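Since the structure comes first, as structure tokens, the remarks are kept for the end.
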Amino acid sequence: MFIRHRHGWEIPEANATPEALGSGLGRRALLGAAAASILAPAAFAAATPALQSFPGPMSAPVNPLYTPGRAITPAKYVYTYNNYYEFGSEKDIWEQAQALPLKPWSITIDGLVARKQTIGLEDLLKRVTLEERLYRHRCVEAWAITIPWTGFPLNALLAIAEPLASAKYVVFHTIEDRKAMPGLREVWYPWPYTEGLTIAEAANQVAFLATGLYGKPLTAQNGGPIRLVVPWKYGFKSAKAIVHVTFSATRPVTFWEAVDGSEYGFWANVNPDVPHPRWSQARERLIGFDRTVPTQIYNGYGEWVASLYTDIKGQQLFR
Ligand SMILES: Nc1nc2c(c(=O)[nH]1)N[C@H]1C(S)=C(S)[C@@H](COP(=O)(O)O)O[C@H]1N2
Ligand SMILES: [Mo]
């Protein structure tokens, strides 16, 4: 059922001109964005990044169920415009992120599970089936990108982890590499970067673990070698560089919730009708394209995920 075909975005990097970069996101677009104060135009001055040398491609058949409905973002924008506070609070951290060693990598799975285990990433990849998904990504800051991820359903990790019936939440921790990550010295942040989902959310077919991007292994700045991808939620839920997955009976206090729970909650489902306290969420700016588009509820994934929330009331589901 998976069909491999050549994508429009599969063009040599050489075809992506600096002109395209310049016109893609003009000053007007930046100033027009409601969240202009938190944007970093300097990031766009970066040329195509010198990527780490990888052993080989990471391509897999496209899952045709998930159609993004808009053009894939040219790779250079996705590679050079990042949120990754372990490396700093600006968007231009891609070069610094190359200092993070991606190999060897292992993930410890513990908490309310049948047995605690530590799995090497290469072993983990042998136990799952890779596929490619073309997903929308919506940052809470009102910008968006459209990405070809390679990876596997988060549900496959749940099967390997064997959570106990008492487990209600799954919690993800990002690596804390003090040598590579200068942001960790900013002690007012509640490191490690922590995110969490209910077991039902994690088992949902849309929840994904990415190990690749644009048919190549996942770049350090984008959360390599393995990150969460939950595209119906604001981008901060999709934790990068995961080293620890723990199962819990109680809801975790996640990183941004601890920083400011009134602005960034646990649920963080995308909703154009619920503004952030400091800006509207009605529209989003497409990075790499000089335009904005209306935001969709659940970022357009409602047909698969809306039913997760029918029994949950009286909570801040959309922030
Ligand atoms: N560990 C970690 N994960 C993180 C973040 C971060 O700062 N640290 N930023 C989040 C936010 S706010 C967004 S929008 C996405 C950005 O992913 P990208 O840089 O690959 O586009 O990563 C998310 N995951
Ligand atoms: Mo974000």
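Any read-out appearing in this document is the output of simple, stated calculations on the displayed coordinates, not a laboratory observation. Small disclaimer: the values here were computed from a predicted structure and weren't measured. Note: ideal-geometry Cβ built from the backbone for every residue, glycine included; neighbour counts use all protein chains shown.
Here the spin labels are modelled as points 7 Å beyond Cα on the Cα-Cβ line, and at Ser59 and Trp188 they lie 4.7 nm apart. Proximity of backbone amide H atoms, modeled 1.01 Å from N, is registered between Gly111 and Phe247 at under 5 Å, excluding neighbours fewer than 5 places apart on the same chain. Couplings for region 164-177, taken from phi via the Karplus curve 6.51 cos²θ - 1.76 cosθ + 1.60 with θ = phi - 60°, read 6, 4, 6, 6, 10, 9, 10, 10, 10, 10, 7, 4, 10, 10 Hz in order; Gly and Pro are left as x.
Measuring nothing but how far apart in sequence close Cα pairs (under 8 Å, 6+ apart) lie, relative to its length, region 199-282 scores a relative contact order of 18 percent. Compared with the alpha-carbon gap, the fully stretched path from Ala258 to Val274 is longer by 3.7 nm at 0.36 nm per residue. Which shape class applies to region 268-311: rounded if a/c is under 1.5, otherwise prolate when a/b exceeds b/c and oblate if not, where a ≥ b ≥ c are the square roots of the Cα gyration tensor eigenvalues? Verdict is oblate for region 268-311.
For region 279-284, putting each phi into the Karplus relation 6.51 cos²θ - 1.76 cosθ + 1.60 with θ = phi - 60° gives couplings of 6, 6, 10, 5, 10, 9 Hz, in residue order, rounded to whole numbers and with x for Gly and Pro.
Rounded to the nearest 0.05, the FRET efficiency derived from the C-beta distance between Ala200 and Arg291 at R0 = 41 Å is 0.70. Computed extension length for Lys116-Glu303: 63.9 nm, one decimal, from 0.36 nm per residue of separation with the Cα-Cα distance subtracted.
Each residue of region 140-153 is assigned a 3J(HN,Hα), and the resulting list reads 4, 7, 6, 10, 9, 9, 10, 10, x, 8, 10, x, 8, x Hz, derived from the Karplus form 6.51 cos²θ - 1.76 cosθ + 1.60 (θ = phi - 60°), x at Gly and Pro. Put a dot 7 Å past the Cα of Leu164, heading toward its Cβ, do the same for Lys126, and the two dots end up 3.0 nm apart. Treating region 142-198 as a set of equal point scatterers at the Cα positions, no solvent, please give the Debye-formula log₁₀ I(q)/I(0) at q = 0.27, 0.29 Å⁻¹. So the normalised log intensities work out to -1.06, -1.12.
Around the amide H of Gly88, modelled in the peptide plane, lie the amide H atoms of Gly183, all under 5 Å away and 5 or more residues distant in sequence or on another chain.
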